[in-house]
Amino acid sequence: MLITSLALSFAAIGSTEATLPVDQNPAPLTRQAEANTLIRGIDGEILGDTAALEAALGGQLAAPLATAQTIRWVRPGVAEVQLGQTGTSWTESFLVGVPQNRNMYAPLLVLFHGYGQTPADVYAQTTYFQEARERGWFVVAPLGAHVYNYGIDYAQENTELALDWVAHHLPIDDERVYGVGFSMGGGWMTSYAARHVAPDQLRFAGLVNHTGTTSLQDLYSVATENALFDSPLMFGGSPTDVPYRYCVASTMDWDSATGIVNSQTDIARNLTSIPVWTTYADGDPLAHIRAQCDAFHDHYDNARGGDGLNATVPGTTHHWTTVSETEVLDWLSNKTFTAPGTNAFNEVLVDRDAKYWAFDVKQDVVGEVTPVRWYTHTGINRVQIDTVSNMSEIAFDANEIGLNTNGAFTLVFNNTDGITVDIVIRGLSYPPSNVTRSGNTTPAWTWNQSTQELRLTEFNGNTFPLWTIQS
């Protein structure tokens, strides 16, 4: 479990109560005012201007000497936490709901708000907090920097900090973490879940994508006004200008005009071991988001082999409550986290130097993506890692991916760009007695006694060389 301490006093639940704000009340701008530039939303609505940046975007800029964290109860069993030192330009504010009755470790429900909404709006407009707490679950609703974040990179950093805080302060059952996202929050959620699959993070056991904007590239093409996206406060340009930033904030790059998903950049492949229920009201007035939901489910479920459900519900409004909170929680309640298995091909799209599933990856070029496919064949004690590009190093624990290191094991590697790659194999108690590459002895390996790591240096991986490691 990812628990180190308990910061909230459960004895204090219900002892104090404050008024839950309908909206955020951003603090005054504390840095030099920006140029007075108008900020408009995607439908052309005026959000405000950069001279009053916090009020316009519905967040709070981080002050240099901000308090690390503040906690206040806003309802019995519901606290507001604010992190002032995030490392981004924005503080992070989130609501935490504590279960009324719980076992030692309890499931966690993460709620991702919609466009222009706050965590307080999610509390007020849905019954998720109440119902989840009654089931004995914890609940968290992050802000993600500000209310128009669209899952942008810094919003995901803030979200990660909020979930890390929850993981290290509350007794979470990290095998039963669930996500529900609405509209903008649906896309923010699926992108975040796909980019956070390392064992030392909270990973999702099930997701409900409620009318989510899973392709920002397509949304940009159909939006009435793109000033919000183009703003240097957000993406800083179009998907053509800054494709990487849109890629990491989206789950797929889908073109509604052609119906084609860019198979090189879809991070949806990272979700295939996580059940995803995609749903929307059949009469939702935002037809382009309904189309994105269908395209996402089709790609995730069919092209990538995910475990998905796609079911519409009657309704003519764009609102959280068109989908029953009770049915959503019932569906999630029997889901338990499952990592990718052995004896089958698994794929992941890496977008930064980070750990994805069992693999620590270092990229050759930052600001681009790195595809990885792997297959652990337990019958012959072999792992195959192939279709790799833009990688300088990959590291993994042999036992974690299903290899038996008590005798000989083998590795097949392939990269499509021919870049020299270091392959670091961890979890070996002793140095190998022999290492061969495609049947020949090779000096292209080293053993680190202190870290118990074997490093193979592959200079020509596009030939599918077979490495044999004899323990």
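Out of SER238, SER221, SER263, I need the residue that is outside any loop (DSSP other than H, G, I, E, B), more than 29 Å from THR126 (Cα to Cα) and of a type in the set (Gly, Ala, Ser). Which one?
The match here is SER221.
Got a sec? Which of VAL140, VAL166, VAL147, VAL180 is over 25 Å from THR265 (Cα atoms) and either in a strand (DSSP E or B) or free of Cβ contacts under 8 Å to residues at least 12 places away in the same chain (or both)? Break it down into steps so the answer makes sense when it comes.
On the way: VAL166 fails: either in a strand (DSSP E or B) or free of Cβ contacts under 8 Å to residues at least 12 places away in the same chain (or both); VAL147 fails: either in a strand (DSSP E or B) or free of Cβ contacts under 8 Å to residues at least 12 places away in the same chain (or both); VAL180 fails: over 25 Å from THR265 (Cα atoms).
Within the list VAL140, VAL166, VAL147, VAL180, the selection yields VAL140.
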I need a count of the residues in the range 309-324 that are over 24 Å from THR272 (Cα atoms), in contact with an Asp or Glu (Cβ under 6 Å, 6 or more places away or on another chain) and polar (S, T, N, Q). 0
Being among the hydrophobic types (A, V, I, L, M, F, W, C) and in contact with a helix residue (DSSP H, G or I) (Cβ under 7 Å, 6 or more places away or on another chain) is the filter here; which residues of the range 123-137 pass it? PHE129, ALA132
All-but-one check, ARG382 against (1) over 18 Å from HIS196 (Cα atoms); (2) surrounded by fewer than 16 Cβ atoms within 10 Å (Cβ to Cβ), failing number (2)
What number of residues within the range 277-296 are in a helix (DSSP H, G or I) and either hydrophobic (A, V, I, L, M, F, W, C) or without any contact (Cβ under 8 Å) to a residue 24 or more places away in the chain (or both)? 7
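Tell me which residues, restricted to the range 185-214, are β-branched (Val, Ile, Thr) and not in a loop (DSSP other than H, G, I, E, B). Let's see the steps before the verdict.
Taking the range 185-214 and keeping what is β-branched (Val, Ile, Thr), we get 190, 197, 208, 211, 213-214.
Scanning the range 185-214 gives THR190, VAL208.
Could you list, in sequence order, the residues of the range 366-414 that are in a strand (DSSP E or B) and among the polar types (S, T, N, Q)? Steps first, please.
Step one: filter the range 366-414 for residues in a strand (DSSP E or B), giving 370-377, 382-388, 391-397, 409-414.
Within the range 366-414, THR370, THR376, GLN384, THR387, SER392, THR410, ASN414 qualify.
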Of the conditions (1) exposed (fewer than 15 other Cβ atoms within 10 Å of the Cβ); (2) in a helix (DSSP H, G or I), ALA268 satisfies every one except a single condition; which number is it? (1)
Residue by residue through the range 309-360, note down the ones that are part of a strand (DSSP E or B), buried (at least 16 other Cβ atoms within 10 Å of the Cβ) and of a type in the set (A, V, I, L, M, F, W, C). VAL348, LEU349, VAL350, ALA354, PHE359
Could you check the range 415-465 for strands (runs of 3 or more DSSP E) lying wholly inside it with 2 or more residues that are assigned by TED's automatic domain parsing to the domain that holds VAL361 and under 19 Å from THR370 (Cβ atoms)? 421-426, 453-458
Could you check ALA155 against (1) closer than 18 Å to ILE267 by Cβ; (2) assigned to a loop (DSSP other than H, G, I, E, B) and say which number it fails? (2)
Given the conditions (1) closer than 30 Å to ASP173 by Cβ; (2) buried (at least 17 other Cβ atoms within 10 Å of the Cβ); (3) charged (D, E, K, R); (4) at pLDDT 95 or above, report the number of the one that ARG304 does not fulfil. (4)
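The values are calculated or read from the model by the stated rules, or taken from the named source; none is laboratory data. All values reported here derive from a predicted model rather than from experimental measurement. Using ideal geometry, Cβ is built from the backbone for each residue, glycine included, and neighbour counts are taken over all protein chains shown.
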